[in-house]
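Structure first, commentary second.
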Amino acid sequence: MSVGKQNQITNALSDFFFEYETPRQVLVRNRRVGVVCRLIQLGVLAYIIGWVFIYEKGYQSTDTAVSSVFTKMKGVGYTNVSGSERVWDVADYVFPPQGDSSFVVMTNYIITEGQKMGKCPELKGKHNCNSDSDCEGGSFKRTGHGQMTGVCVEGTKTCEVLAWCPSVHDKYHNYTLFIKNSVTFPLFGVTRSNLVEGIDADYISKCLHDPKKAPLCPIFRLGDIVKLSGFSFETIARVGGAIGIVVDWTCNLDVDVKHCKPQYNFHGLYGNPAETDKARASVGYNFRYAKHYMEDRIQKRTLLKVFGIRFDIIVQSLARKFDIIPTLTAIGSGVGIFGVATVVCDLVLLYLLPKREFYKNMKFKYTDTHTQVSSFCL
Amino acid sequence: MSVGKQNQITNALSDFFFEYETPRQVLVRNRRVGVVCRLIQLGVLAYIIGWVFIYEKGYQSTDTAVSSVFTKMKGVGYTNVSGSERVWDVADYVFPPQGDSSFVVMTNYIITEGQKMGKCPELKGKHNCNSDSDCEGGSFKRTGHGQMTGVCVEGTKTCEVLAWCPSVHDKYHNYTLFIKNSVTFPLFGVTRSNLVEGIDADYISKCLHDPKKAPLCPIFRLGDIVKLSGFSFETIARVGGAIGIVVDWTCNLDVDVKHCKPQYNFHGLYGNPAETDKARASVGYNFRYAKHYMEDRIQKRTLLKVFGIRFDIIVQSLARKFDIIPTLTAIGSGVGIFGVATVVCDLVLLYLLPKREFYKNMKFKYTDTHTQVSSFCL
Amino acid sequence: MSVGKQNQITNALSDFFFEYETPRQVLVRNRRVGVVCRLIQLGVLAYIIGWVFIYEKGYQSTDTAVSSVFTKMKGVGYTNVSGSERVWDVADYVFPPQGDSSFVVMTNYIITEGQKMGKCPELKGKHNCNSDSDCEGGSFKRTGHGQMTGVCVEGTKTCEVLAWCPSVHDKYHNYTLFIKNSVTFPLFGVTRSNLVEGIDADYISKCLHDPKKAPLCPIFRLGDIVKLSGFSFETIARVGGAIGIVVDWTCNLDVDVKHCKPQYNFHGLYGNPAETDKARASVGYNFRYAKHYMEDRIQKRTLLKVFGIRFDIIVQSLARKFDIIPTLTAIGSGVGIFGVATVVCDLVLLYLLPKREFYKNMKFKYTDTHTQVSSFCL
């Protein structure tokens, strides 16, 4: 490389580093345009600082959590239906038993005991059993089915109908639900459990959730949940229903992580519980469940049509934390909007004002022949 | 504060409010550069308005939903295996019974009845039972296991193999599945159910889902689902399979919320159903299930190897709604890209054109000594 | 339209297309300001290219997946409790049996056999049974309950306590878990299964997951999972526990989709497994489960208090792919931040430098009377 070329590059580099360009501007001293323009600029500034940064926290990035839920019911029920006493514990009334995030608490059922195969000689058609069935004249009304299910099977032997007496409703009211929920925000590497600071074994053994007095206690009375989600206890116990328990984790991780606490909300799923039954497309909640057993070497089953409250624990989460990218994106696009403000003012200046020709001359310099004279003056 | 200082501040404030600065610009009258530059600017404008705003709806923010799903199967099956007739209802063929979003419909099974403990004197090794077992000579082929499970247990007493006769396939074809799905978009506070406007109890009692004629009916024929997801009915009934039912909520909440409707799609999970069995790492779907009972005071069990279709209801959701933040971010960064267009044109103007020195002179004013003369002229 | 008006429009259009405006700038030849300004600008450039584009991949949009999980346990256990031998297979120790993403492997239990209704004459109060119950003097300690559940029922007949002998722990250790997971990124239309390329039926039949040697094998030894999540095998087998198996899909879809592979992580849920039991609000995992049967025409049940490991398969996903919108948003807002750099330099130039009045004169042109003379010169 020749010395001359090297010098050239050094010069260009030093020129580049020791120079700096800044746009030349016209300072327009015009009250009307000035006020309009300053107001627009102040508005943009207020929007960027007040709305984007302070209100919407635009300097933060967001993440939703992956979560794991575990539930445990407690409570014993007691029924006395025409002298036949029965005690119901968790293993009897919770489906499935292992503590899933979605489970059913049985509140009512229609039982068909001792069903067995092979007793119906007329197993050819679908509706042959209608005539000789005692069950059809029974005391319970089945909801209409698209297809008759298990017609003959259901009409074999006995069609006893059992239902919880209203007298035990207050006990069932008092069943408790314990929710354990663990959430992880993968983007921020933060894991939280709903057993937050201060919720220790000692507190849990005594507390009961109350939206105001004990909002963090993870133990809920069934009666409270039903009431808070707007259902009537009598209705839901009879025809069943679905309740969503929303565990809401809205966390600002810029403050201490111990302020990241869950909030519990309850609402009816699939239709407003306050609506009349007629208006809803599908009311109630029930499913069929069979217990199989062997009697006298013949396989039999007890079929239960279980009515109950289906609880869905729904974890809803949104964590926010300072992040340089959204911060600078907000600032950068804010500067762009500032530019828009200037464009708007320029439109006023150059097209609406009476002295617009004067301002046009101030702002623009033309490169074609008739202006080259004046430009050479420069 | 002295009057002078007060005046000074008042003046500065009034100066600030009644002034406004706008950049001075050179209006380059050059055909080539003008056309290039205008085309770039028009392209940027078309991109911002057409692509970002209209096509990608960049003025909206997005949210995914939290959801709750409940399912209900209906239908009765009938089998006649070598004279032993049997009727199958929902409680027999759906696992689990309570209507989860993920469930299995049994289509085939291998039964081992009357298993009991303690009958195998040779309970020491793993493979002792191989020789004296009748089951091994049976008519069904078990898929290979990493470990032999319950070898001796399975070979105790009877190894009857039952399978649904092909003659009942068409019935099973006709089973129906009812899906209830409720979604909530927490950011927008919108809750929707798949029982949308017009899908009332009356309609549901009659309708059957059809992708074209009844796309909103939440009742599905099993045969339709299997066909739409590309499986062959014979294969899936024999070896089992997994089908995902995608409920797709893609909603534009800027229009009336009643247009937010679900779409149902069906596809095979875990491998393309059209592939040959060889190519797939793991085909079919089955699990073992035991029914326990007491006979002659001895605890026994009936073991079922259940083959079936596993349905996973997968809720996929994306709601969009106008939001001031993404709108202004898009505008602001669009202005920035406009600036890039100007920079590109400037490069052409100042480095590529023959008259570049002239344009450089027009655009730039220099602050060092040799240009101060001309600047004093201003 | 008159010819004159047409000409006028044509002229305006040609003016618009053949003209182009570029801001006039002052090229400040000042070493200090130049260096400061160039460093700021280089910093902004380095941030935009290095941080936003290369490190944070700001040119990509992101999506999370909808997923479907299916699990299958394999393994046979054997217990010999005081001469009563028993073999345990999958149908006995997995709840629920159908292969859900959340399931329990029973590791220990307390059994109460032959419970039946109606034997307790003192079914009035809750604690009457305490005195005559043999069970209370038994060898197992029940964890405290808020309410005594099924007191009388549990104390009827026999209260045998069975627990897996420590001698079978090593077998239970060797149970294997097979995970099938399918994820779909709806935004990008990409579906992946954890049985990725190379994981075929042949490989699966032989492999065993190892974080280093076989990170993609979807078959896991139970002992490995427990160890990797930090639990002690003896403790978790006795009191139960909850383990999260995280399947992490972090995918860059700009490269070949076959590089989109899952990663498996294991961690204890609900509290650090290394903590002492005292410190945790709620330890262990158990649920009650009843098997019903008929004996001598009396309905009886066997109640199991099942202790076990609850596994939650948690799918965590984040896919990224090139998208024009975030790319141009990043560029656009980067240009805006460039503008901020210029503003900072201008503040230095116009308010801090000694020659600030000179630079002010260079940069600004005033429109009020005392400067109009010089502007007419232009």
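The values are calculated or read from the model by the stated rules, or taken from the named source; none is laboratory data. All values reported here derive from a predicted model rather than from experimental measurement. No Cβ is skipped: glycine too gets one built from the backbone with ideal geometry, and neighbour counts run over all protein chains shown. These accessible areas exclude ligands, DNA and RNA; they are computed on the full protein's heavy atoms, side chains included. Shrake-Rupley method; radii C 1.70, N 1.55, O 1.52, S 1.80 Å.
In the range A:172-198, the residues that give up 50 Å² or more of accessible area when the other protein chains are added, compared with the chain on its own (1.4 Å probe), are A:Lys180.
For C:Tyr203, the label point sits 7 Å beyond Cα toward Cβ; its separations from the matching points on the remaining copies run 4.8, 4.8 nm, from shortest to longest. With all protein chains kept in place, the per residue accessible area of the range B:184-324 amounts to 43 square angstrom at a probe of 1.4 angstrom. Each of C:Leu13, A:Leu318, A:Leu208 has its accessible area taken with a 1.4 Å probe; listed largest first, they run C:Leu13, A:Leu208, A:Leu318. In this structure, the residue pairs whose Cα-Cα separation is over 32 Å, taken from B:Lys74/C:Lys180; B:Lys57/B:Lys227; C:Lys74/C:Lys258, are B:Lys57/B:Lys227. Our note on the geometry: Cα centres of the range A:191-211 and the range C:315-371, 52 Å apart. Chain A against chain C buries an accessible area of about 7000 Å², both chains summed, 1.4 Å probe radius. Under a 5 Å amide H cut-off, with hydrogens placed 1.01 Å from N, C:Tyr366 pairs with A:Leu27 among residues at least 5 apart or on other chains. Distances between placed amide hydrogens fall under 5 Å for A:Tyr175 paired with A:Leu222, A:Gly223, all partners being 5 or more residues away or on another chain. In the range C:287-336, a dipole from Cβ-located charges (positive for Lys and Arg, negative for Asp and Glu) runs towards its positive end, and of C:Leu328, C:Phe311, C:His292 it is C:His292 whose Cα lies farthest in that direction. How would you classify the range B:1-65 from its alpha-carbon gyration tensor, with a ≥ b ≥ c the square roots of the eigenvalues: rounded for a/c under 1.5, else prolate if a/b is greater than b/c, otherwise oblate? Verdict is oblate for the range B:1-65.
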